[in-house]
Amino acid sequence: MKIGTATTMVTLRCIDHQCNTSFPASSSMTHCHCGNLLDVHYDWPDLNPRELKETWTSRRTSMLPEDQSGVWRYRELIPYLSPEAKIITLREGNTPLLKAPRAAAYAGLDEIQFKHQGFNPTGSFKDNGMTTGVSQAAALGKKVVACVSTGNTSASMGAYAACGDLKAVIFIPAGQIATGKLSQALDYGALTIQVDANFDVTWKLVSGLVEEAGIYLLNSVNPYRIEGQKTIAVELLDQMRWEIPDWIVLPGGNLGNSSAFGKGLRELHQLGFITRLPRLAIIQAEGSAPLSQLLERARTEKKSPYELGLLPVLNPQTLATAIKIGAPASWKKALRELEATQGVCISVSEQEIADAKAVIGQSGIGCEPASAATLAGIRRLVAEKQIRKSDNVVAVLTGNLLKDPAYTLAYHQGTLSFSKENQQIPIQSNFGNQPNSVPPDLEQIKKLLSQ
Ligand code: F0G
């Protein structure tokens with residue numbers, strides 16, 4: 001199948017403008033010699049936005065895998081594979097944009113739309129990046145891929161590696177990932193190594209080792225994963241018929257996804273597909289909020305955040321385990337995108353995340369805890385008048401409700417609690433929905449029905 005456009009010049013380029021070092025597109029490097037991350041850089045051919053928008057629409061009725069994928073459908077914007085390369089796809093993307101009046105009212109907005117990445121094949125936005133990352137691994141002739149993960153990356157990589165006949169090795173913080181995600185990785189046949197440490201410690205321990213062993217690393221530091229994830233922003237605008245939202249709101253963990261959205265939006269702008277950029281809002285959990293803390297320090301000390309540098313949170317804490325990351329690898333990329341889009345980054349409490357998640361559930365939509373940070377953040381930003389009531393706001397729900405059933409059950413049963421400075425802090429089930437138990441007695445059942 002013809003995916004690549006042989007005419008496009010592709011390189012990997014250091015994100016630091018002063019360094020600006022380029023590397024061949026076939027390199028497995030994720031970082032420049034100077035320590036900064038790399039971007040996939042294209043010398044764009046002439047693209048005709050009007051014609052391409054029509055082409056993308058017409059592909060929606062095609063039966064070809066590369067057209068059915070909500071990532072490869074937009075292949076002109078990710079032209080890094082050679083024409084003969086094989087793509088590994090599970091028909092990712094194609095996720096809906098859902099209106100949710102109840103959630104809008106909760107946040108104080110006239111309207112809100114959720115771009116629900118939980119509708120992906122493995123239930124999270126990681127699939128958009130894994131189809132591109134694993135396809136690149138296969139194109140480079142790699143046999144083994146690896147990642148360190150808070151759960152979703154490992155589930156997704158396991159699936160795509162299996163689909164592409166590659167061996168998958170995953171490292172996860174023992175006992176700190178949601179059961180849905182762990183069971184997925186096992187089912188997809190990945191070699192699953194649980195390390196008795198948190199994500200950051202595990203990352204520090206094994207990321208170098210993996211590269212040394214010639215294993216292809218598929219964390220979001222891999223620039224080809226970012227290429228796939230940037231198409232979420234493209235599909236979103238396509239679904240909105242290219243009407244530009246005022247805000248796109250994302251949860252922030254390792255900050256790869258915010259980086260991907262920013263890159264995608266900037267490229268769409270540069271290539272003439274959109275006339276202005278939406279603003280990005282990144283929402284972190286209070287106990288795992290190194291980027292929002294950095295921006296706060298930069299404001300109070302009136303210094304550049306780059307000059308101050310990110311101070312990792314040494315013992316990150318949040319029940320939203322997907323974003324329990326204290327030293328996000330892509331903080332500089334995310335900062336670049338916040339600057340480009342006049343974006344903001346704030347943090348929200350465990351109680352705010354839990355209640356927002358329940359409200360998203362009551363809207364008939366549902367999501368995993370990390371995703372709900374978006375609605376909690378929007379509510380704050382509306383209260384602070386940074387987001388206006390009438391603004392056009394899209395929140396990205398990154399993962400499916402069924403990823404973390406234990407959290408949802410505990411919230412509704414009133415047993416959810418959070419450990420902070422060695423204290424257990426209960427989460428109030430403000431929107432709780434207790435399950436009822438009865439003996440096999442019709443009278444008691446009738447009593448419940450009449451309540
Ligand atoms: N939401 C969910 C459901 C996630 O799984 C993640 C990240 C994020 C948000 C944050 O995205 O890291 O790009 O800022 N999960 C990674 C993982 C870290 O290993 O699955 P980010």
Show the residue pairs meeting these rules: Cβ distance below 9 Å; 6+ apart or different chains; first residue within region 256-268 and of a type in the set (Asp, Glu); second residue within 15 Å of the ligand (Cβ to nearest atom). GLU267/LYS230
Looking at region 4-53 only, could you name the residues that are farther than 30 Å from ALA213 by Cα and among the aliphatic types (A, V, I, L, M)? ALA6, LEU47, LEU52
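Yes or no, residue by residue, for (1) in contact with a Phe, Trp or Tyr (Cβ under 8 Å, 6 or more places away or on another chain); (2) modelled with pLDDT of 95 or more:
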site: PHE199; (1), (2): no, yes
site: GLU211; (1), (2): no, no
site: VAL221; (1), (2): no, yes
site: TYR224; (1), (2): yes, yes
site: LYS230; (1), (2): yes, yes
Checked PHE125, PHE119 against criteria (under 16 Å from PRO96 (Cα atoms) and within 8 Å of the ligand (Cβ to nearest atom)); the one match is PHE125
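Name the helices (runs of 4 or more DSSP H) wholly inside region 302-369 in which the number of residues that are touching a residue at least 60 places away in the same chain (Cβ under 8 Å) is 2 or more.
So the answer is 331-341, 350-362.
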Within region 222-265, considering residues that are surrounded by fewer than 24 Cβ atoms within 10 Å (Cβ to Cβ) and among the charged types (D, E, K, R), the one farthest from the ligand (Cβ to nearest atom): ARG241
Failed criterion for CYS345 (all others in (1) over 22 Å from SER417 (Cβ atoms); (2) surrounded by fewer than 23 Cβ atoms within 10 Å (Cβ to Cβ) hold): (2)
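Under the condition of being polar (S, T, N, Q) and within 14 Å of the ligand (Cβ to nearest atom), which residue from region 128-154 is farthest from SER26 (Cα to Cα)?
Narrowing region 128-154 to residues polar (S, T, N, Q): 128, 131-132, 135-136, 149-150, 152-154.
This time we only want the ones that are within 14 Å of the ligand (Cβ to nearest atom), so: 128, 149-150, 152-154.
Working: ASN128: 20, SER149: 24, THR150: 28, ASN152: 26, THR153: 23, SER154: 24 Å.
So the residue we want is THR150.
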Could you pull out every one of the strands (runs of 3 or more DSSP E) wholly within region 5-58 that has 3 or more residues that are surrounded by 16 or more Cβ atoms within 10 Å (Cβ to Cβ) and in contact with a Leu (Cβ under 9 Å, 6 or more places away or on another chain)? 9-14, 38-43
Please work out which residue is farthest from PRO121 (Cα to Cα), limiting yourself to region 171-202 and to residues that are hydrophobic (A, V, I, L, M, F, W, C) and within 12 Å of the ligand (Cβ to nearest atom). PHE199
Leading residue by the ranking (farthest from the ligand (Cβ to nearest atom)) among those in region 68-116 that are among the charged types (D, E, K, R), in a loop (DSSP other than H, G, I, E, B) and under 25 Å from ALA178 (Cα atoms): ARG91
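The values are calculated or read from the model by the stated rules, or taken from the named source; none is laboratory data. Values in this document were obtained by computation on a predicted structure and should not be read as measured data. Every residue, glycine among them, receives a Cβ derived from its backbone with ideal geometry; neighbour counts consider all protein chains shown.
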